[in-house]
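I have placed the structure first, in the form of structure tokens, so that the comments after it can refer back to it.
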Amino acid sequence: MSDDERTTREVIEILGEDCSRCHAELIAAIEDGEVCEGGIEADYEYHARQLVRAIFAYVEAVTFSVKAWSAGYCMENDLEISPQERYFATDTEYELNDRGEVVETVAKISLARNIRFALSINRKAHGISEPFDASVEWWSCMRKAIRVRDRLTHPKLPGDLDVTGDDVVDALKAKAGFEKEVMRHIKNAAQRET
């Protein structure tokens, strides 16, 4: 199969399977640990780091897909969408090169802002007027988990590689909440169409 025939759905499915596999391996590592005074002594951190990395690869792929689909849906259905929203939906921005020519570049958007934009444009595409409620637990977990992901991605000190049980729980809650938020609107749209 050529790259032209492959889809974002395939990327999301593969990354979702990676999350499940990493989670299962983390649980197995913890279960293989030894019970000692004050808890369990287990060699789990490698698996915890892999799980956090897998979750964020998945979240980034879903975020891109949601943005692109939502922008396309808005354009196809004459829903109001600005040129800037269209460009950011595909991680595109423009700048001037050294010769004064306008060139297309990849937009550098922080992950938290990118997720919020995806949720916003997804709501727009599904006709949801109320804004996303950032006080929900999963969003707080997402912001904490992003900081862990950032430490793991750009470690400077040994402590940057540490992943606690709370860090894993936050990442799992963030993923589950994000999926629920995205899927809720898709399911509601499907019900409206039937």
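The values are calculated or read from the model by the stated rules, or taken from the named source; none is laboratory data. The shown structure was predicted, so the numbers you read here are calculated from the model rather than taken from an experiment. Cβ atoms come from the backbone with ideal geometry, glycine included; neighbour counts cover every protein chain shown. All accessible areas refer to the heavy atoms of the entire protein, side chains included, with ligands and DNA or RNA removed. Shrake-Rupley method; radii C 1.70, N 1.55, O 1.52, S 1.80 Å.
Per this entry, residue 82 is not counted among residues that are polar (S, T, N, Q) and in contact with a helix residue (DSSP H, G or I) (Cβ under 8 Å, 6 or more places away or on another chain). Taken over the stretch 51-104, residues that are without any contact (Cβ under 8 Å) to a residue 40 or more places away in the chain and assigned to a helix (DSSP H, G or I) amount to 11.
Being open to solvent by 90 Å² or more (accessible area, probe 1.4 Å) and either modelled with pLDDT under 95 or part of a helix (DSSP H, G or I) (or both) narrows it down to one of 149, 143, so name that one. Quick ask: steps written out before the conclusion?
Details: 149 fails: open to solvent by 90 Å² or more (accessible area, probe 1.4 Å).
Answer to the selection: 143.
Restricting attention to the stretch 105-140, the residues that are outside any loop (DSSP other than H, G, I, E, B) and out of contact with any strand residue (DSSP E or B) (no Cβ under 9 Å at 6 or more places or on another chain) add up to 19. Name the single residue that is nearest to residue 174 (Cα to Cα) among those in the stretch 83-109 being within 19 Å of the chain's Cα centre (by Cα) and open to solvent by less than 60 Å² (accessible area, probe 1.4 Å). Among those residues, the one meeting the criterion is 109. Of all residues in the stretch 6-30, those that are at pLDDT below 90 have Cβ atoms under 6 Å from Cβ atoms of residues that are of a type in the set (Ser, Thr, Tyr) and surrounded by 13 or more Cβ atoms within 10 Å (Cβ to Cβ), 6 or more apart or on another chain, in 8/65; 29/44; 30/44. Check whether at least one residue in the stretch 91-108 is touching a Cys at 6+ places or on another chain (Cβ under 8 Å), at negative phi and aliphatic (A, V, I, L, M), and report yes or no. Taking every residue of the stretch 91-108 in turn, none turns out to be touching a Cys at 6+ places or on another chain (Cβ under 8 Å), at negative phi and aliphatic (A, V, I, L, M).
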